[in-house]
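Since every read-out is calculated from the coordinates, none of them should be taken as a lab result. Not measured: the values here are computed from a predicted model. Cβ coordinates were reconstructed from backbone atoms using ideal geometry, including for glycine residues, and neighbour counts include every protein chain displayed.
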């Protein structure tokens, strides 16, 4: 109840703050219709504009179009990820988990988690950590004295709480993606400890300070107001909580950059057409990567939001960057 | 006209960054297009400009996908578009040399449910082309609106020829008297392969029979197949007929005009398939 009232208040305060989005026109990003056709240019109208890939669209429209894109690709999302990244996306996600190194009892919020890849890995990691701990304890208890054994029984009878259960919440704005994720969970028999919630990254349906770890993997570039999503991340994290973001970023090395561009713009839409029957959605996806701020700029945005100890790791030469920050 | 403007940019792509040219074409064309909700980039609505390498990849990929799952009609369509350039040029020239075909190329009629006057067609006498076509649509539960739009043909006129070919496909079924079961489709594919020379039709004609049982194969090779091939070669260009103005004509008369013999045997329409 309190959460929904807070949501309303936030929405009202946001509406009262205006901010002008300048029509983007960098050297790498042509601004679409704006510069070439003043008659159809919407930059100077009342609508605030933003980018949708290389197109310029009103902000209100972007969310709808992004929703449509993911609705179309949901069924083939995982297959396409494997095809486009040649399976390397699994390594990226595994790296995220290794860097995260969650301990049993941690509560994870995976935003734009869609088909659940991060959440599944999280639960698996926790499970194997627990197994490791149990084995460690079992090994250390092999040479117990009678006193130690009676202490153990006393502790058990004392009704000590068992270790806190880890929970993963997958939050996504798109119901189709969540549906696919749920089906995967059922087929892998991994539904324990998982929740699936429909929600907008810019206005999360959770109370303050609920989670130990907030992750967003390959989702934040689709959000219309990235700064709002970061604010929400700060809000729902507990003090000491960690923000982690896996996202496509800028490749520094010019040779690799050239190859990557060719691959992105030439091959990926073809794959999208052949496997998923949808060229345009994958065209949008590769264009949206180019529109996302680079490693340093995104680091600054995270710092400006109020996170501390913000750092990033480049993966695969900068194709993907893993940003991490703490709420203190 | 936009082709002429777009062409230098496409040549530029081969020397410089492909990426820039694609975006330039998009900007040029989009600046003049109506700003509709589904406003298009490229030479016609739905056009996606592609380089020759991309077309090759699409051809191979769609071929494999279509073979694995023949019900993926979008893949068959992509295969046709990416491999059919020469055949489309040939067809377009044939249409230009035919007075009725030339009218079609200038007027650009489209066969959609919205453009057909179904009640009028239903009131036509049995045996008339319009009535038989309507019967075909009803019996086989198909609609002319289920044809995919052309995406990868880089010439606006050729794209229209391709679209016309797709829309005429159902009319061919009526003309040839073939149902939409596998045998009927293969027979029509043989006819189309002989008529149009599209590689996609040839591929379909070669691989379609693999899915037929022995008795149907026999029918195909002994009577239906040779009839389809023969008529494909001897018939007038089927794309050059303004079907929309010939609904009242009887099917027999139309067949005679097009130089198509009636089918030797009609495969039973036992399996209904939606296209």
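When B:51, A:215, A:262 are ordered from fewest to most other Cβ atoms inside 10 Å of their Cβ, what list results?
A:262, B:51, A:215
With r as the distance between the Cβ atoms of residue A:124 and residue A:148 and R0 = 51 Å, compute the FRET efficiency 1/(1 + (r/R0)^6) and round to 0.05.
0.95
Once the Cβ-Cβ distance between residue B:138 and residue B:74 is put in as r, and R0 is 25 Å, what FRET efficiency do you end up with, to the nearest 0.05?
That gives a FRET efficiency of 0.50.
Over what distance in Å are the Cα centres of the range B:74-131 and the range B:160-201 separated?
Taking the Cα centre of each part, the range B:74-131 and the range B:160-201 sit 11 Å apart.
Post the alpha-carbon centroid distance, the range A:297-328 to the range B:237-257, in whole angstrom.
Going from one Cα centre to the other spans 68 Å.
Using DSSP, restrict attention to beta bridges with both residues in the range A:140-282 and report what percent are antiparallel, rounded to the nearest 5.
If we restrict to bridges inside the range A:140-282, about 10 percent are antiparallel.
What's the percent breakdown of Cα-Cα distances in the range A:108-160 across 10 Å bins, shortest bin first?
Reading the bins upward from 0: 20, 29, 23, 18, 9, 1.
What percent of all Cα-Cα pairs in the range A:209-304 falls in each 10 Å bin, counting up from 0?
Result returned by the calculation: 14, 38, 28, 17, 3.
Taking the Cα-to-Cβ direction at residue A:71 and at residue B:242 and moving 7 Å from each Cα, how far apart do the two end points lie in nm?
4.1 nm
Can you give the alpha-carbon Rg of the range B:85-275 over 2.2 N^0.38 Å, where N counts its residues?
0.98
Using 1/(1 + (r/R0)^6) with R0 = 30 angstrom and r between the beta carbons of residue B:117 and residue B:233, what's the FRET efficiency to the nearest 0.05?
After rounding, the FRET efficiency stands at 0.30.
Please give, to one decimal in nm, the separation of the simple spin-label points placed at residue A:90 and residue A:61, each 7 Å out from Cα toward the Cβ.
Inter-label distance under the simple model: 4.0 nm.
What's the exposure ranking of B:223, B:250, B:114, going from fewest to most Cβ atoms within 10 Å?
Lowest count first: B:114, B:223, B:250.
What is the fewest-to-most order of A:284, A:125, B:71 by other Cβ atoms lying within 10 Å of their Cβ?
In increasing order of surrounding Cβ atoms, one gets B:71, A:125, A:284.
Going by the alpha-carbon gyration tensor, a ≥ b ≥ c the square roots of its eigenvalues, is the range A:62-326 rounded (a/c under 1.5) or, if a/c is not under 1.5, prolate (a/b greater than b/c) versus oblate?
In terms of gyration-tensor shape, prolate.
Which of rounded, prolate, oblate describes the range B:108-207, given a ≥ b ≥ c as roots of the alpha-carbon gyration tensor eigenvalues and a/c under 1.5 marking rounded, otherwise prolate only if a/b is larger than b/c?
Cα axes put the range B:108-207 in the oblate bin.
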